[in-house]
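Each remark here refers to the structure printed beneath this line.
The values are calculated or read from the model by the stated rules, or taken from the named source; none is laboratory data. Computed from a predicted structure; not experimentally measured. No Cβ is skipped: glycine too gets one built from the backbone with ideal geometry, and neighbour counts run over all protein chains shown. In case anyone asks, the SASA skips ligands and DNA or RNA and just uses the protein heavy atoms, side chains included. Shrake-Rupley method; radii C 1.70, N 1.55, O 1.52, S 1.80 Å.
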Amino acid sequence: QVQLVESGGGLVQAGGSLRLSCAASGRTFGTSAMGWFRQAPGKEREFVAAINWRSGSTNYADSVKGRFTISRDNAQNTVYLHLDSLKPEDTAVYYCAAGLNELLLIHGRVSYWGAGTRVTVSS
């Protein structure tokens with residue numbers, strides 16, 4: 001089992017920034033990719049960003065490219081999501097996810113989910 005614990009959500013004005021963290025523990029050796037999804041009120045959960053633990057290669061949803069940055073700290077088993085130039089439409093619960101590889105993760109084949117952290121962007 002892998003446990004994922006998110007932190008860093010909150011309320012921010014449009015144009016502002018936040019940093020989300022996801023600490024992974026447990027049998028993480030079976031998951032080569034970590035990522036973030038989000039679910040806005042009344043909408044389906046959607047992919048946001050993914051990163052490969054070993055290579056550091058990244059993938060982003062078109063809606064966040066150039067504004068969000070995913071990074072990792074292998075020593076701390078922690079993945080970060082830096083959210084810049086936030087818009088009201090970024091308001092959602094953000095979920096950390098772990099998967100076998102990036103391709104599966106991007107397509108929603110997630111092995112483990114965190115409980116989520118709420119991000120609210122006011123206009």
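Determine whether Val110 is under 12 Å from Ala23 (Cα atoms) and either surrounded by 20 or more Cβ atoms within 10 Å (Cβ to Cβ) or free of Cβ contacts under 8 Å to residues at least 60 places away in the same chain (or both). Here the answer is no, as Val110 does not meet what is asked.
The set of residues in region 86-123 that are assigned to a loop (DSSP other than H, G, I, E, B), out of contact with any Gly (no Cβ under 6 Å at 6 or more places or on another chain) and within 18 Å of Gly10 (Cα to Cα) comprises Lys87, Thr91, Gly114, Ala115, Gly116, Ser123. Restricting attention to region 76-85, the residues that are polar (S, T, N, Q) and either surrounded by 14 or more Cβ atoms within 10 Å (Cβ to Cβ) or in a strand (DSSP E or B) (or both) total 2. Can we say Ser71 is more than 15 Å from Gly99 (Cα to Cα) and not in a loop (DSSP other than H, G, I, E, B)? Yes. Residues considered: Val119, Val93. Of these, the only one that is modelled with pLDDT of 95 or more, of a type in the set (A, V, I, L, M) and either more than 19 Å from Leu4 (Cα to Cα) or out of contact with any helix residue (DSSP H, G or I) (no Cβ under 8 Å at 6 or more places or on another chain) (or both) is Val93. Of all the residues in region 10-38, those that are touching a strand residue (DSSP E or B) at 6+ places or on another chain (Cβ under 9 Å) and either closer than 15 Å to Val79 by Cβ or without any contact (Cβ under 8 Å) to a residue 60 or more places away in the chain (or both) number 19. In the condition set (1) open to solvent by 20 Å² or more (accessible area, probe 1.4 Å); (2) farther than 24 Å from Ser123 by Cβ, Glu46 is compliant with all but (2). Every listed requirement among (1) surrounded by 13 or more Cβ atoms within 10 Å (Cβ to Cβ); (2) within 20 Å of Ser21 (Cβ to Cβ) is met by Asp73 save one, (1).
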